[in-house]
Amino acid sequence: MSAKRVGILTEFNYEDMELWYPFYRLKEEGHQTFTIGPEKNKVYNSKHGYPCKAERGIDDVCVDDLDALIIPGGFAPDYWRRDKRILDLVKAMDDAGKVLASVCHGPWVLISAKVIKDRNVTCFVAIKDDVENAGANYTDEAVVIDKNMVTSRLPKDLPDFCKAIISLLK
């Protein structure tokens, strides 16, 4: 298997485990894994204060640079969903059929990018109504795969989430 390029979004108030677990798990698989933030080289602190330096800025990344994009949860998705650059990248990833993965509150970004309608997804229960109102089919499962899209609910689901991403990258 050749190494794939996997970008993981970072921003203030990201959920620690939902960024770092996939980051290192995919590196273990031999993939080129890097963080993407609104600004390159800026340090963003998680909900719990853990720093993450954006290795790339959103202005320096396009769909051709990625094989997969991971959207962690926490409160960061509320910022990403307001950033047209992020939404354009998410839409382009979905249009290209590339792996698009989100966990917890991450599906908020999928909603705002308008890629969730008629898709099977899961998410943190607090945004269940949001995904359903956006036209998605919600299921309360650890991981849901719909074509190129992978969604999960909580940090405890991360092993299944990462297995699904790895499987789609093969």
Problem - Inter-label distance for ALA3 and ASP60, nm, one decimal - labels placed 7 Å from Cα along Cα-to-Cβ - result: 1.7 nm
Completion exercise
Restricting to Cα pairs under 8 Å and 6 or more apart, the percent relative contact order of the range 5-169 works out to 20 percent
Handout entry: Over the range 13-170, volume per residue of the alpha carbon convex hull, in Å³
Key = 96 Å³
Fill in the blank from the handout: Amide H contacts under 5 Å for THR35, restricted to residues at least 5 apart in sequence or on another chain and with H modeled in the peptide plane, are ILE8, GLU55, ARG56
Handout entry: Zone residues, the range 73-100, relative to LYS170, backbone N less than 19 Å from point 7 Å out along Cα-to-Cβ
Key = 98-100
Problem - Amide hydrogen neighbours beyond the local backbone of VAL103, cut-off 5 Å, H modeled - result: ILE71, GLY73, SER152
Exercise for the section: Grab the other residues whose beta carbon is less than 11 angstrom from that of HIS48, score K and R as +1, D and E as -1, and report the net. Expected result: -1
Problem - the range 35-124: C-alpha gyration tensor shape, a/c 1.5 cut-off, then a/b vs b/c - result: oblate
Exercise for the section: Might you report the magnitude of the Cβ-based charge dipole of the chain about its Cα centre, with Lys and Arg at +1 and Asp and Glu at -1, to the nearest 20 debye? Expected result: 200 debye
Handout entry: the range 42-48 - phi-based ³J(HN,Hα) in whole Hz, Karplus 6.51/-1.76/1.60, Gly and Pro as x
Key = 7, 9, 10, 8, 6, 3, 9
Exercise for the section: Set the Förster distance to 25 Å, then compute FRET efficiency between ALA96 and GLU39 from the Cβ-Cβ distance, nearest 0.05. Expected result: 0.50
Completion exercise
Rounded to 0.05, the calculated FRET efficiency for the beta carbons of ASN137 and GLU28 at R₀ = 22 Å is 0.10
Fill in the blank from the handout: Here the range 97-169 gives, from Cα atoms, an Rg and Dmax in Å of 10.8, 30
Practice task
With a/c under 1.5 counting as rounded, go ahead and sort the range 6-55 into rounded, prolate or oblate using the C-alpha gyration tensor (a ≥ b ≥ c being the square roots of the eigenvalues; past the cut-off, prolate if a/b is larger than b/c, else oblate).
Solution key: oblate
Fill in the blank from the handout: When ARG82, ARG153 are ranked with the fewest other C-beta atoms within 10 Å first, the list becomes ARG82, ARG153
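Taken together, the values in this text are just the output of simple stated rules run on the coordinates, not laboratory data. Since we're looking at a predicted model, the values are computed, not measured. All Cβ positions, glycine included, derive from the backbone under ideal geometry; neighbour counts span all protein chains shown.
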